[in-house]
Each structure stands twice: as structure tokens, then as C-alpha cells.
Amino acid sequence: MHLKNSKVIAIKIGSSLLVDKKNNIRKKWLSSFAKDIKKLKSINKKIIIISSGAIALGCKKINHNRSNLKLDKSQAIASIGQIELINLFSQTFLKYKLNISQILLTLDDTEERRRSINAKRTFENLFQLNYIPIVNENDTIATSEIKYGDNDRLASRVAQITNADTLILLSDVDGLFTKNPKIFKDAQLIKKVNDIDNDLQNISVKGMTELGSGGMNTKIEAAKICNLAGCNMVIANGLYMNPINKLEEGNNGTWFISKIPKLHARKKWIISSISPKGELTIDDGAKRALTNGKSLLAAGIKGVSGKFKKGDHIKILDAKRKEFARGLSSFSSQEINKIKGRQSNEIQKILGYVSKSEVVHKDDMVKV
Ligand code: GLU
């Protein structure tokens, strides 16, 4: 329904799509999914896949029962299964000449601004290299206090970080129903949710679970995160062959439509900082470049004030010291002090390490 207009699409795959109830790997299904991805790539969509299955495949590998796993055991098993998972993707996607990479995230990587900016850049560089990132939670490291525990919310954060237009949660349920469809025959599929709080007031999602860690609750939480970031989300049944094609053709699944334009959401987030940590004063040339939608480079920076870290909110002032824009700095104040006024190709030599060339990337900047 909404994929045509989406440039960046994040797709989450639940464990039950990769491993069936008899503990067999659903290779044919994955192949049909890869075919769908090939089609999306051929029309220049940027794709991110968030895949569960490390624990399920780890258990399969060592013949261990999946139920009642203790945390430390599941961490070890995830470490075994993650390679299986990526191998499975790698072998299947190779047949369609699709390149994949692996990103393992912990909660802090998405919740802490500096780290989330780093992650964002990594995703962008992978898009440029024409690689499809396959994301999972870093289960081997994450203990319960610092764990998402379900890939639904992790996927929504990834969608937010990568500025995705749509997040598709492929699960083993058809979507969100008015009642638990396993118990009530008259339960109806809700096709569209425009306002989560109001539309879902009378719906109890208790017991509406799938295999894997997430239930309907975590999916609705994920929808809230997505919608606030200007991203639409759909819960769809991924058990079908060619699940993305099926979603596009049929009017199935439950769509959660964001009321906020995407850019607006991001700008609001940048502008909403109550206390920017510092200021950069720029020259007229840089001001012109910024007005034309370019990023801020070191060469155009005349002065730095305040003490800030990479990822902090800062004000950008013009030569008359009038606030011109706000943004997230890709460098610390200490670093900018060393590189201000210098050409981008000198940065590596001055700092002694490889880094980005934009001090404030255009996507991380709002003109005021
Ligand atoms: N990260 C877990 C895994 O790969 C799955 C979490 C979930 O089921 O949502 O097994």
C-alpha cells in the first residue's frame, strides 16, 4: 500500500519465519523473500533487515531445547546461532546477487545520541556501498537490564535512526485484531490505525502472541516509536511465500500511519533541545552553502564556544553571531578547535585518525 513512496524500508523478520515448528529451516521461504528484496532493490529502495533467529538457530545447531533457556545459556547459544543466521542469509542472498553485512546492536547504541549518530552513518555508508545491513540485537553481550529483548522495538529504533519511511514487521500473525482471533471467531483484522492511543483504547492485546520474544504489545510499542518519527509501520503475516510482494498486492496486515511528516519529526527532535551545549560561528561562504542545503564543513568554521561531545546539540551562528541553525555535531568541541578553518582533506592528518568530513551533516541540521 505505502511501499511505492518509501525510499528507505526496514523489514523485521521473526524467528518463526526462519525456523518452523518442526525445527526445520524455511529455506524456500527465505529464498522467496530474497527475491522480493531483489525486486525492491531494482527500483532503488534502500533496505535494512532486522532478523531474529540467532537463538532459534543456535538451539538447532547444538540440539538444545528452546524453551526455558536461562539468560547466560541463551547468550552463548545466540553466539553460536548468529553465525548460522548470517550464513543462511549470505548463501541465500548470494543467489540473487545481493550483498549483505551484519550489524549487532545493544540498547545503548540506539538510545545514546552519540552512538546512534555513529550507527546512522554506518547504515548510510552501507547503502552507498550497495550492501544490505542485517541487524540483530547483540544478544551475547546484552544482559537483561540493557536489553531490548524483542526485535520489534529494536526494529523501530533502527527505522528511526535510518530515517526509514516504512517498517514492515513480518510475523506469524495476520496483524492486529479487535479480539484474540485464536479464541473469538468474530475477531476482525484492524486494517489501519491512525491514532494509536484513541483507536486502540478498547482493544486488549493480552494473549495475542507469536513465537519468539515479542507479542502484540511490543509491536504496538514499536508502532508508537515509528509513528513519532514520521515512519509508517505495518504488521503483516510473513509466513506466505514472497511475503513483501504479497503485502503489496493484497490489502492485508495492519498499518499504523504516522501523522507527522518525517522531516518534521526529525527537525522537531533536533530543535527541541532545551540546552544546546555550544556554538559554532561560521563565515559567509559556509552560510551560503548551508542555505543551499549543504553540510557544514570545517573550512567555514571561524569560532567554537562551549564544551561539547560528538553528537551533542549545538547552535550555528553566522558571522554577525546571529543564530542561523541548530544541529548535531559530528565532532567534539576539542576536535573542532583543531580543525576549524581547515580543508576536509587535512582533518585526518591533524587529528591523527580517520573521521567524517562534515562537522554538522545536513540531515542533522535545522535552519532556524
Ligand atoms: N535477538 C533474538 C534472536 O536473534 C530474537 C529476539 C526476538 O525474538 O524478538 O534470537
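The values are calculated or read from the model by the stated rules, or taken from the named source; none is laboratory data. Computed from a predicted model, the values in this text were never measured in an experiment. Ideal geometry is used to build each Cβ from the backbone, glycine not excepted, and the neighbour counts take in all protein chains shown.
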Checked pairs for the stretch 38-52, first touching a residue at least 60 places away in the same chain (Cβ under 8 Å) and within 25 Å of LYS219 (Cβ to Cβ), second within 16 Å of the ligand (Cβ to nearest atom) and in a loop (DSSP other than H, G, I, E, B), C-beta under 9 Å and 6 or more apart or across chains, list as SER51/GLY14; SER52/GLY14; SER52/ASP150; SER52/GLY212; SER52/SER213; SER52/GLY214
Counting only residues in the stretch 49-65 that are surrounded by fewer than 19 Cβ atoms within 10 Å (Cβ to Cβ) and not hydrophobic (A, V, I, L, M, F, W, C), the one nearest to ALA10 (Cα to Cα) is identified as LYS61
Turns out the strands (runs of 3 or more DSSP E) fully within the stretch 315-368 with at least 2 residues that are more than 30 Å from the chain's Cα centre (by Cα) and of a type in the set (Phe, Trp, Tyr) are none
Within the stretch 242-267, the count of residues that are farther than 23 Å from ASP36 by Cβ and either in contact with a strand residue (DSSP E or B) (Cβ under 8 Å, 6 or more places away or on another chain) or part of a strand (DSSP E or B) (or both) comes to 2
Taking the stretch 1-20 and keeping residues in a loop (DSSP other than H, G, I, E, B) and within 14 Å of LEU85 (Cα to Cα) leaves GLY14
Residues in the stretch 47-63 that are assigned to a loop (DSSP other than H, G, I, E, B) and within 13 Å of the ligand (Cβ to nearest atom) total 2
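Residues checked against (1) crowded, with 16+ Cβ neighbours inside 10 Å; (2) among the aliphatic types (A, V, I, L, M); (3) under 28 Å from LYS356 (Cα atoms); (4) within 14 Å of the ligand (Cβ to nearest atom):
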| position | (1), (2), (3), (4) |
| --- | --- |
| LEU129 | no, yes, yes, no |
| ILE132 | yes, yes, yes, no |
| LYS147 | yes, no, no, yes |
| ARG157 | yes, no, yes, yes |
| ILE161 | yes, yes, yes, no |
| ASP165 | yes, no, yes, no |
| SER171 | yes, no, no, yes |
Going through (1) more than 17 Å from LYS95 (Cβ to Cβ); (2) in contact (Cβ under 8 Å) with a residue 40 or more places away in the chain; (3) of a type outside the set (Gly, Ala, Ser) one by one, ASN24 fails only at (2)
For the stretch 53-66, pairs from a residue that is closer than 17 Å to LEU30 by Cα and aromatic (Phe, Trp, Tyr) to a residue that is part of a helix (DSSP H, G or I) and within 13 Å of the ligand (Cβ to nearest atom), with Cβ under 9 Å and 6 or more apart or across chains, are none
When the stretch 172-208 is checked residue by residue, the ones that are at pLDDT 80 or above, in contact with a Pro (Cβ under 9 Å, 6 or more places away or on another chain) and within 14 Å of ILE235 (Cβ to Cβ) are VAL173, ASP174, LEU189
Practice task
Can you confirm whether the stretch 54-63 contains a residue that is within 22 Å of the chain's Cα centre (by Cα) and not hydroxyl-bearing (Ser, Thr, Tyr)?
Solution key: yes
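So which of ASN87, ASN68, ASN23, ASN44 ends up being away from the ligand (no atom under 16 Å from the Cβ) and either surrounded by fewer than 21 Cβ atoms within 10 Å (Cβ to Cβ) or part of a strand (DSSP E or B) (or both)?
Only one candidate passes the filter, namely ASN44.
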Selection over the stretch 179-199 where residues are of a type in the set (Lys, Arg), assigned to a loop (DSSP other than H, G, I, E, B) and touching a residue at least 60 places away in the same chain (Cβ under 8 Å) yields a count of 1
Contact list, first residue from the stretch 78-92 and under 14 Å from PHE33 (Cβ atoms), second anywhere and more than 10 Å from the ligand (Cβ to nearest atom) and in a helix (DSSP H, G or I), beta-carbon distance below 6 Å, six or more apart or interchain, is THR92/LEU30; THR92/SER31; THR92/ALA34
